[in-house]
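The values are calculated or read from the model by the stated rules, or taken from the named source; none is laboratory data. All values derive from a computational prediction rather than experimental measurement. When we count neighbours, we look across all protein chains shown, and the Cβ atoms used for this are built from the backbone with ideal geometry, even at glycine. Heavy atoms of the whole protein, side chains included, go into the accessibility calculation; ligands, DNA and RNA do not. Shrake-Rupley method; radii C 1.70, N 1.55, O 1.52, S 1.80 Å.
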Amino acid sequence: MNAAYQFVTGPLAWAAWGIFLLGSAWRLVAMYRLARKKDASAIAYMSWGYSLRSIVNWLIPFNALGWRKNPAMTIATFAFHVCLIATPVFLVAHVMLWDQAFGVRYATIPDAAADGMTMLVIAACLFFAGRRLAMPDVRAITTPKDWFALAIVLAPFLTGFLAYHQAIDYDTMIVLHVVTGEIMLAAIPFTRLSHMVFAVFTRAYMGSEFGGVRHARDW
Amino acid sequence: MKRSLPILLAVALVAALSQAALSQENIKSLAPEAFGKLTRPPARFNHDQHNEKAGLTDCVVCHHGGSDGKIDRSASTEGTPCAECHKVKPAGRSTGLMNAYHKQCIGCHKARGKGPLACGQCHKR
Amino acid sequence: MGIQDRLIEDVGLRRGVSRLTPEKIETVVRSVMASEAGARLKAYSETCMRCGMCAKGCHFALSHPDDPSYTPAAKVAQTMGVLLKTGGRVDPGTFYGIAQLAYTECNLCKRCVHYCPIGIDTGFIMSMVRRICHKLGVTPQYIQDTAHSHSTTFNQMWVKDDEWIDTLQWQEDEARDEFPGLRIPLDKEGAEIYYSVIAPEPKFRTQLIYQAAAIFNAAGVDWTMPSQPGWDNSDMCMFTGDFEMMGRLKRRHFESA
Ligand code: HEM
Ligand code: HEM
Ligand code: SF4
Ligand code: SF4
C-alpha cells in the first residue's frame, strides 16, 4: 500500500502533470505553426476585440442562441464545467497536498460544498450519457471517443467521492482516485478533452470572422 | 513510559482534562482544541500502541524543539502542547499546526515505508 | 438513415463519379489535406464534442426532425469524417453520396455557428469537401453550368457583353418615363457608390435594376455601374469548390470596381 501510494503520488504525479502541461503547450505551438503555414488568412482576421466579445457572450448562460435553444444542456454544462474545475482546484485535500509538497497554500471550499459539487459533476455526466443514449440527434453523432472522454472525466470524481466517504475499501479507492485523476490530466492534450486547449481559439476565430468580415454576431 | 511522536495532540487533550497529569495513557486520537471546529474526523492515534509498533523509545523523535522552521532534536519538549509553538495560522517561516502533524507523521511514514499516508487512513469516519 | 438512403440522380455527379477509382479519390484527398487543409480543419474535427447543439440551428435538420443524419455534426461525420478516417480511400459509390450531401444538404450558410459553443464552422468544412469534389470533377450539373458560364463570360447566366449594356440602357429608358432626369452612369471614375448586381437580375428580373436606379435617383447620390465583364458580383465557383476560378472572378470584379 505505502509503496503504491507513494508511487502514484510521486513519480506518476510528476509524469501526469508533465504530460498535461508540456503536451498542451506542444499541441498549441504545433497548431499555431500549422495555422501560420496554411491558414494565414484566418490569422489575419483574428482580432482581440471581436474574439473577446464572442467569448464573453458565450460565457453567459442563456445568452447565445445555442444556449437558449438547448436549455437543459445549458444548465448541465455550466454546472458541470464550473464544478469540474473549481472542485479539484479548491478542494481541501488537494490544497493540503500542495501545501505539504511545495508550501503552496490558498483558499479552499468547505468539504460539504465540495462534496455537493462532486455529486453535481457526477449527475451532469449521467445527464450527458443519458442524452447520448436517448436523443436521436446526439446518439447519431456519438462515437467511442466521446464515451471515452466522458468516462475519463467521470472516473476521478466517482472514485474521489467514494474515497472521501471511505466507502468500499479506502486504501484501494484512494490509489484508484489518484491514478484516474492522473489519467485525466494526461489525457487532456490528446483526446476530445483537448477542447480545453483549443475551444478558446476556435471561438475566438469565429468571433473575429463574424465580427470583422461579416459585421455580425456569432452568438 | 514510552511517549514520543503523537504526543502532540495528546497534550492538548490533556490540557483539556484540566491538566491532570502529563502521563498520556489512553491517547486514542489527536484533536487539539486550537483547531476549533474540525474539518475532518480526528486522526486516530493510539500513543502507546503506535510507539510499541514503531519501536520508538526516544520522545524527542516527535517532541522536538526548534524555531523558524528548523527542527532541533537536542531539546526534548514532551509535555508542551504542539499548538504552543505551531500556531494554527503560522507567522513567518514557522510551521503551522496542521502541517506540523501532517509533515511529521507522513514524513516519517514515508521514510520508513510503513504507516498511513492518505487522508482517510488517519481521519477515519 | 444517412445519405446513401436518399441518393438522387444527377448527370453531373453520375458522370464525375463514373470516372473515379478509390485510388484517384485517395490521391486527391491526400493532396488537398497536404496542401490546403490546415489548422482550422484539424481543430474543428478534433474539438467537436458531438453535443448536437448545432441541430437546432440548421434548416436542413429542422426540416427533417425525424432524421438525425441532417444534423450539421452528422453531415460532417458522413463526409469529411469519412474522408479523414479512411485517408480518402473510399469507393466511388460512397463518394457520390459525399458529393450529394456536400452540395445539396448544406448551403454553407453558417447559421449553425451561432448554435455551436465551440465555434465549429460546418460551412467551412463542407466547402473543403466541395473543394475535393471539384478537384475530382464531381459536381452537380446545374451549378457546374453556372460555374462554366462564370469562366467564359465572367457572369453566371451566359449574359453576353453587349446584352449587358443593352439591358442597362433599356432599363434607363424605361425609368426615364417615370423619372425624367434619371441616369444609369456607366464606368464613372471617382463615383461614390459602385453598384453591381448578380447575373439573374439582367437575365430574369431586369426591373430590379430599374428600381435600384430609381432609388439612387431619388436619393441623389453619386453612383455608377460597370459596363465591362466583371459586373456580376456572384460567384458560383466559390460554391463548387473551384477556388482557382473564384480567384479570377474576384480579381476581375475588384478591378472593375
Ligand atoms: C495528482 C492527482 C491527484 C491526487 C494526488 C488527488 C488526491 C486526492 C485526495 C487525497 C483526496 C481526498 C480523499 C479523502 O478525502 O480521503 C481527493 C479527493 C477528491 N479529488 Fe483528487 N487527487 C488527484 C487528482 C484529482 C483530479 C484530476 C480530480 C478531478 C478533476 C480530482 C477530484 C477529486 C474529488 C472530486 C475528490 C472528492 C471530493 C469530495 O467528494 O469531497 N482529484 N483527491
Ligand atoms: C476550460 C475550458 C473548457 C471549455 C471552454 C469547455 C467547453 C466545452 C463545450 C463548449 C462543450 C460542448 C458541449 C457542452 O456544452 O457540454 C464541452 C463538453 C465537454 N467538456 Fe468541456 N470545456 C472546457 C474544459 C473541460 C475540461 C477541463 C474537461 C475535463 C477534463 C472537460 C470535459 C468535457 C466533457 C466530458 C464534455 C462532453 C459532454 C458531453 O458528453 O456532451 N471540459 N466543453
Ligand atoms: S454544436 Fe458544435 S461541438 Fe456540438 S456537435 Fe455541433 S459542431 Fe460539434
Ligand atoms: S452551414 Fe450547412 S450545416 Fe450549418 S446551418 Fe447552414 S446548411 Fe446547416
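Search the range C:89-118 for residues that are at positive phi and pair each with any residue that is more than 16 Å from ligand 2 (Cβ to nearest atom) and hydroxyl-bearing (Ser, Thr, Tyr) when their beta-carbon atoms are under 9 Å apart and the residues are at least 6 apart or on different chains.
Cβ pairs passing all conditions: C:Leu108/C:Ser127.
How many of the residues in the range B:100-109 are more than 8 Å from chain A (Cβ to nearest Cβ) and more than 18 Å from B:Lys37 (Cβ to Cβ)?
So the count comes out to 5.
Are any of the residues in the range C:91-109 more than 16 Å from ligand 1 (Cβ to nearest atom) and at the interface with another protein chain (Cβ under 10 Å from one of its Cβ atoms)?
Looking only at the range C:91-109, we keep the residues that are more than 16 Å from ligand 1 (Cβ to nearest atom), and these are C:91-109.
When the remaining residues are screened for being at the interface with another protein chain (Cβ under 10 Å from one of its Cβ atoms), the result is none.
There is no residue in the range C:91-109 that is more than 16 Å from ligand 1 (Cβ to nearest atom) and at the interface with another protein chain (Cβ under 10 Å from one of its Cβ atoms).
Could you check A:Trp17 against (1) closer than 22 Å to C:His114 by Cβ; (2) in contact (Cβ under 8 Å) with a residue 60 or more places away in the chain; (3) open to solvent by 80 Å² or more (accessible area, probe 1.4 Å) and say which number it fails?
Status for A:Trp17: all satisfied but (1).
What are the residue pairs meeting all of these: first residue in the range A:144-161, first residue open to solvent by 50 Å² or more (accessible area, probe 1.4 Å), second residue basic (Lys, Arg), Cβ atoms under 9 Å, and 6 or more apart or on different chains?
Correct list of pairs: A:Lys145/A:Arg192; A:Lys145/C:Arg50; A:Trp147/A:Arg132; A:Phe148/A:Arg192.
Would you check which residues across the range A:71-85 are within 15 Å of ligand 3 (Cβ to nearest atom), in contact with a helix residue (DSSP H, G or I) (Cβ under 7 Å, 6 or more places away or on another chain) and in contact (Cβ under 8 Å) with a residue 24 or more places away in the chain and list them?
Selection gives A:Met73, A:Ala76, A:Phe80.
Hey, among the residues in the range C:111-150 that are open to solvent by 30 Å² or more (accessible area, probe 1.4 Å) and within 13 Å of chain A (Cβ to nearest Cβ), which one's nearest to ligand 1 (Cβ to nearest atom)?
Step by step, filter the range C:111-150, then rank; the result is C:Pro117.
Just to check your reading of the model, which residue among A:Ile55, A:Ile75 is within 11 Å of chain C (Cβ to nearest Cβ), more than 23 Å from C:Glu36 (Cα to Cα) and within 19 Å of the chain's Cα centre (by Cα)?
On the way: A:Ile75 fails: within 11 Å of chain C (Cβ to nearest Cβ).
One residue alone meets the criteria, A:Ile55.
Given the residues A:Asp115, A:Asp111, A:Asp137, which is the only one that is charged (D, E, K, R) and either without any contact (Cβ under 8 Å) to a residue 12 or more places away in the chain or surrounded by fewer than 13 Cβ atoms within 10 Å (Cβ to Cβ) (or both)?
Working: A:Asp115 fails: either without any contact (Cβ under 8 Å) to a residue 12 or more places away in the chain or surrounded by fewer than 13 Cβ atoms within 10 Å (Cβ to Cβ) (or both); A:Asp111 fails: either without any contact (Cβ under 8 Å) to a residue 12 or more places away in the chain or surrounded by fewer than 13 Cβ atoms within 10 Å (Cβ to Cβ) (or both).
Just a single option satisfies the conditions, and that option is A:Asp137.
If A:Ile60 satisfies every condition in (1) of a type in the set (Val, Ile, Thr); (2) away from chain C (no Cβ under 14 Å); (3) open to solvent by 20 Å² or more (accessible area, probe 1.4 Å) but one, which is the exception?
Unmet for A:Ile60, out of (1) of a type in the set (Val, Ile, Thr); (2) away from chain C (no Cβ under 14 Å); (3) open to solvent by 20 Å² or more (accessible area, probe 1.4 Å): (2).
I'd like to verify a number: residues in the range C:167-210 that are closer than 14 Å to C:Thr224 by Cα and among the charged types (D, E, K, R), how many?
6
Every residue in the range B:74-99 that is within 11 Å of another protein chain (Cβ to nearest Cβ) and either open to solvent by 70 Å² or more (accessible area, probe 1.4 Å) or touching a residue at least 60 places away in the same chain (Cβ under 8 Å) (or both), please. Step through it out loud before you land on a result.
Step one: of the range B:74-99, the residues within 11 Å of another protein chain (Cβ to nearest Cβ) are B:89-90, B:93, B:95-96, B:98-99.
If the condition is that a residue be within 11 Å of another protein chain (Cβ to nearest Cβ) and either open to solvent by 70 Å² or more (accessible area, probe 1.4 Å) or touching a residue at least 60 places away in the same chain (Cβ under 8 Å) (or both), then B:Lys89, B:Arg93, B:Met98 are the ones that fit.
Being part of a loop (DSSP other than H, G, I, E, B) and either closer than 16 Å to C:Thr240 by Cβ or open to solvent by less than 40 Å² (accessible area, probe 1.4 Å) (or both) is the filter here, so list the residues in the range C:89-110 that pass it.
Taking the range C:89-110 and keeping what is part of a loop (DSSP other than H, G, I, E, B), we get C:89-91, C:105-110.
Passing the criteria: C:Val90, C:Glu105, C:Cys106, C:Asn107, C:Leu108, C:Lys110.
Which ones in the range C:46-63 are closer than 24 Å to A:Ala124 by Cα and not acidic (Asp, Glu)? Spell out how you get there, then give the answer.
Taking the range C:46-63 as the starting set, the residues that turn out to be closer than 24 Å to A:Ala124 by Cα are C:46-57.
Passing the criteria: C:Thr47, C:Cys48, C:Met49, C:Arg50, C:Cys51, C:Gly52, C:Met53, C:Cys54, C:Ala55, C:Lys56, C:Gly57.
Under 6 Å between Cβ atoms, which residue pairs at least 6 apart in sequence (or on different chains) link something in the range B:110-121 that is more than 7 Å from chain A (Cβ to nearest Cβ) with a partner that is surrounded by 20 or more Cβ atoms within 10 Å (Cβ to Cβ)?
Taking only residues 6 or more apart or on different chains, the pairs are B:Pro116/B:Cys122.
Return yes or no: is C:Lys42 touching a helix residue (DSSP H, G or I) at 6+ places or on another chain (Cβ under 8 Å), under 30 Å from A:Ala187 (Cα atoms), open to solvent by 60 Å² or more (accessible area, probe 1.4 Å) and more than 16 Å from ligand 1 (Cβ to nearest atom)? Break it down into steps so the answer makes sense when it comes.
On the way: touching a helix residue (DSSP H, G or I) at 6+ places or on another chain (Cβ under 8 Å): yes; under 30 Å from A:Ala187 (Cα atoms): yes; open to solvent by 60 Å² or more (accessible area, probe 1.4 Å): yes; more than 16 Å from ligand 1 (Cβ to nearest atom): yes.
The answer is yes for C:Lys42.
Within the range C:214-250, can you find the residues that are surrounded by fewer than 19 Cβ atoms within 10 Å (Cβ to Cβ), in contact with a strand residue (DSSP E or B) (Cβ under 8 Å, 6 or more places away or on another chain) and touching a residue at least 40 places away in the same chain (Cβ under 8 Å)?
C:Ser227
Looking only at the range A:109-121, decide whether some residue is within 14 Å of chain C (Cβ to nearest Cβ), under 30 Å from C:Lys56 (Cα atoms) and at pLDDT 95 or above. Can you show your working first?
Restricting attention to the range A:109-121, the residues satisfying the condition of being within 14 Å of chain C (Cβ to nearest Cβ) are none.
No.
Restricting to the range A:201-218, name every residue that is open to solvent by 70 Å² or more (accessible area, probe 1.4 Å) and at the interface with chain C (Cβ under 9 Å from one of its Cβ atoms).
Within the range A:201-218, A:Phe201, A:Arg214, A:Arg217 meet the criteria.
Do you know which of the residues in the range A:166-184 that are open to solvent by 30 Å² or more (accessible area, probe 1.4 Å) and closer than 16 Å to A:Leu150 by Cβ is farthest from the other protein chains (Cβ to nearest Cβ)?
Applying the filter and picking the extreme gives A:Ile183.
Only helices (runs of 4 or more DSSP H) wholly contained in the range C:187-257 count here; list those with 3 or more residues that are under 24 Å from C:Asn107 (Cα atoms). Steps first, answer last, please.
Details: elements: C:200-204, C:207-219, C:236-240, C:243-256.
It comes to C:200-204, C:236-240, C:243-256.
Sort out which residues of the range A:89-105 are touching a residue at least 12 places away in the same chain (Cβ under 8 Å) and either of a type in the set (Lys, Arg) or in a loop (DSSP other than H, G, I, E, B) (or both), and write them in order of number. First the steps, then the outcome.
First, pick out the residues of the range A:89-105 that are touching a residue at least 12 places away in the same chain (Cβ under 8 Å): A:90-93, A:95, A:97.
Across the range A:89-105, there are no qualifying residues.
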